[in-house]
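Some notes on the structure that comes next.
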Amino acid sequence: MNPIFKHGPSPQHRLLLVLFCSASLIFFDHKMNSFENVRGFLQSMVSPLQYLATTPKQMMNWAAENIVTRRQLINENQQYKIAELSFHQQLLELEIIKKENERLRLLLASPLRGEVKKMVAEILSVNSDPYSHQVVINRGSDDGVFEGQPVLDDEGIVGQVLHVGINSSRVILITDVTHAVPVRVSRNGVRLVASGAGQIDRLTHNFVPHSYDIRSGDLLVTSGLGNKYPEGYPVARVTTVVHNDANAFAMVRSEPVAKIERLRYLLLLWPEKSPGIFAPSQKPVSPKQTKNDKSENKKGSTNADS
Amino acid sequence: MPIRNLLIIIFTILIALIASIMPLPLSIDVFRPDWVLVVLVYWCLALPARVNIITAGFVGLLLDVLLGSILGVHTLAMALAVYIIAGNFQKIRNFSVWQQALIVGVLSALYHLIVFWMQRFLTDAVFLPSYLYPVITTIILWPWAFLLLRKVRRHFRIT
């Protein structure tokens with residue numbers, strides 16, 4: 001092959017071709033969202049590369065897990081036992097409160113909250129692109145993952161599923177610039193929207209009137225509006241509130257409670273269809289159901305008694 | 001043996017792709033060099049008839065899918081960066097390795113700026129100086145990558 005003589009089209013023509021292709025790709029992907037289906041296919045096509053890229057990290061993890069002393073293991077075990085004991089005690093309390101809550105909800109004729117199905121997922125890769133905060137997890141459509149599914153870690157909301165491949169999928173984090181979560185202040189129920197700021201430790205809240213009662217340190221939980229995230233999961237903690245009368249709105253910033261920069265295991269949720277607070281018209285509690293529930297309650301109480 | 005040569009070129013590009021999505025600690029991650037750009041620039045300098053702008057566009061598209069960015073952003077940036085090499089490969093070939101490293105550094109800066117401009121245009125991204133940190137590591141990486149890839153090319157007699 002002699003590079004002195006030109007072969008094929010000139011670089012300018014090739015560049016024009018690629019520029020045209022990429023411009024149309026950008027237009028159709030960003031403005032028209034025409035690649036939603038293709039994205040899933042592409043995601044499963046490149047997932048071998050992602051599995052391959054994560055092997056060194058997994059080997060390190062494996063080594064770190066296997067090369068520990070007996071003493072460390074014993075210590076860890078002891079800690080876990082103590083933690084389990086206290087969790088168990090909390091669980092007992094929770095059971096009672098749950099029952100009580102269900103009964104109160106029945107009295108108010110509000111729909112009951114069902115059990116939420118969960119699945120643990122592991123992070124395959126974290127996006128190295130600084131402009132978008134996304135991670136890839138090792139669950140896909142084979143595991144029943146769907147688009148828009150809420151993703152948590154052990155502390156709070158992490159994000160939602162963006163594209164689903166066959167055995168891997170992409171999760172957009174709450175700190176991404178294009179993402180926002182409807183939240184409320186858990187102290188008094190004031191509603192806000194938490195939008196990502198493109199920084200790993202910050203969420204911003206736009207259009208917050210000066211009159212709202214928000215203080216730094218307030219916990220923000222999902223409000224369940226928008227039907228994406230189930231209600232009541234912690235999202236962020238308010239860090240700064242600045243009331244400057246020169247501006248129309250207060251400046252509120254918060255920090256995600258989930259350890260976004262240290263994610264490893266995630267929880268996928270399958271929320272119930274038609275979350276309760278929005279469905280007053282639909283008679284959720286039929287008499288038969290209440291009876292069943294009551295008998296269950298009774299059974300529960302008798303069990304507790306015995 | 002063109003098929004074997006092609007496979008070796010594809011293999012090096014795949015390794016670069018894997019290196020560019022490999023999970024790293026957050027503090028090192030901002031310094032991740034542009035592996036894919038370096039490998040593409042080398043092959044474009046060495047074999048401009050085989051690896052050219054269309055290859056670069058295709059690899060950029062793969063990078064888009066791997067990074068989950070808007071399809072076409074890295075395609076465009078990669079193609080423009082490689083276009084500069086493809087237009088001037090006869091000049092750049094005769095430079096010393098360190099001069100080439102500087103040119104690759106400029107290309108890498110251009111690449112990151114194009115990606116940033118596209119993101120700025122499409123979403124409301126804000127410029128942070130850390131977006132240009134990879135330029136430094138790319139300059140440092142180039143001589144080593146160049147020597148390694150030249151060894152590979154000579155060993156397998158890729159033409």
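Helices that extend 27 Å or more along their long axis by alpha-carbon positions and average at least 1.6 on the Kyte-Doolittle scale are, among the DSSP H runs of chain B, B:2-21.
Considering only alpha-carbon pairs that sit under 8 angstrom and 6 or more positions apart, the relative contact order computed for chain B is 27 percent. Placing dummy labels 7 Å off each Cα toward the beta-carbon, the span from B:VAL106 to B:LEU128 is 2.9 nm.
Relative to the Cα centre, the charge distribution of the protein assembly as shown, modelled as +1 at Lys and Arg Cβ and -1 at Asp and Glu Cβ, gives a dipole magnitude of about 1120 debye.
On the basis of the beta-carbon distance and an R0 of 22 Å, A:LEU16 and B:PHE58 show a calculated FRET efficiency of 0.90. Relative contact order for the stretch A:127-281: what percent, with Cα pairs under 8 Å and sequence separation of 6 or more? Across the stretch A:127-281, relative contact order equals 22 percent. In the stretch A:115-277, a dipole from Cβ-located charges (positive for Lys and Arg, negative for Asp and Glu) runs towards its positive end, and of A:VAL208, A:LEU152, A:ILE137 it is A:VAL208 whose Cα lies farthest in that direction. For the stretch B:58-159, build the charge dipole from Cβ charges (+1 Lys, Arg; -1 Asp, Glu) around the Cα centre, then report which of B:VAL104, B:GLN119, B:PHE89 sits farthest towards its positive end. Result: B:PHE89, furthest along the dipole toward the positive end. For the stretch A:115-277, lysine pairs separated by 8 or more sequence positions, or belonging to different chains, with Cα-Cα distances below 16 Å total 5.
Since every read-out is calculated from the coordinates, none of them should be taken as a lab result. Since this is a predicted model, take the numbers as computed values, not measurements. In this analysis, Cβ positions are derived from the backbone assuming ideal geometry, glycine residues included, and neighbour counts consider all displayed protein chains.
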